[in-house]
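Okay, structure first, notes after.
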Amino acid sequence: MTKQLPFGFEKPEDSPGFLLWQTTLTWQRHIKKALEVYELSHPQFVIMALLLWFQTHHYDTTQILIANWSKLDKMTVSTALKKLVLLGYVHRMEHETDTRAKSVSLTSKGKELVRKLVPLVEEIDAMFFSKTSVAEQKSLIRILKKLTSEVQDA
């Protein structure tokens, strides 16, 4: 007597969720290895890169803005920022007009490091995604934007 399996796919590699999970883990391993040399986690790097982008575009940068843009949960952002402050890469202070919010900015040391790391991470991305054509990459970006825009905060 054969039990009916609950899977909606004949093989694991037919599942888009499983493939996305495998792809993400593989890509993250490359990034993690590069960032370990600088004693930074991937979330810490993402936060620093966003801070540079926000500062360049004159955003009023708060922890909630970082959480919303990065899709990291608030606790991860808070923990990462505390560590980045200790390392001297980030300033975190009370917001000028919203007493519940924290304003966040990169220090000179933080700007210097993130300017060094962004090209390194982008090089890893280029190598990782080089298995696909430019057209496939553009299509993937369109798909990923659609998927992440539909994600609702829990």
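The values are calculated or read from the model by the stated rules, or taken from the named source; none is laboratory data. Because the structure is a prediction, the values reported are computed rather than measured. So basically every Cβ, Gly included, is an ideal-geometry build from the backbone, and we count neighbours across all protein chains shown.
Within the range 87-111, the set of residues being out of contact with any Phe, Trp or Tyr (no Cβ under 8 Å at 6 or more places or on another chain), in a helix (DSSP H, G or I) and more than 17 Å from His42 (Cα to Cα) comprises just one member, Ser108.
The set of residues in the range 49-63 being touching a helix residue (DSSP H, G or I) at 6+ places or on another chain (Cβ under 9 Å), under 16 Å from Glu94 (Cα atoms) and buried (at least 16 other Cβ atoms within 10 Å of the Cβ) consists of Thr61, Gln63. Considering every residue within the range 129-144, establish whether at least one is within 17 Å of the chain's Cα centre (by Cα), among the small types (Gly, Ala, Ser) and not in a strand (DSSP E or B). Within the range 129-144, none of the residues are within 17 Å of the chain's Cα centre (by Cα), among the small types (Gly, Ala, Ser) and not in a strand (DSSP E or B).
The residues in the range 27-67 that are touching a residue at least 60 places away in the same chain (Cβ under 8 Å) and of a type outside the set (A, V, I, L, M) can be counted, and the count is 4.
Could you tell me whether the range 129-146 includes any residue that is among the aliphatic types (A, V, I, L, M), farther than 18 Å from Phe54 by Cα and surrounded by 15 or more Cβ atoms within 10 Å (Cβ to Cβ)? Scanning the range 129-146, I find no residue that is among the aliphatic types (A, V, I, L, M), farther than 18 Å from Phe54 by Cα and surrounded by 15 or more Cβ atoms within 10 Å (Cβ to Cβ), so the answer is no.
Comparison of Glu150, Glu123, Glu94 shows that the only residue that is at pLDDT 95 or above, among the acidic types (Asp, Glu) and exposed (fewer than 15 other Cβ atoms within 10 Å of the Cβ) is Glu123. Kindly establish whether Pro6 is within 22 Å of Ile143 (Cβ to Cβ) and at pLDDT below 95. Spelling it out, it is not the case that Pro6 is within 22 Å of Ile143 (Cβ to Cβ) and at pLDDT below 95.
In the set (1) out of contact with any His (no Cβ under 9 Å at 6 or more places or on another chain); (2) surrounded by 15 or more Cβ atoms within 10 Å (Cβ to Cβ), the condition left unmet by Lys71 is number (2).
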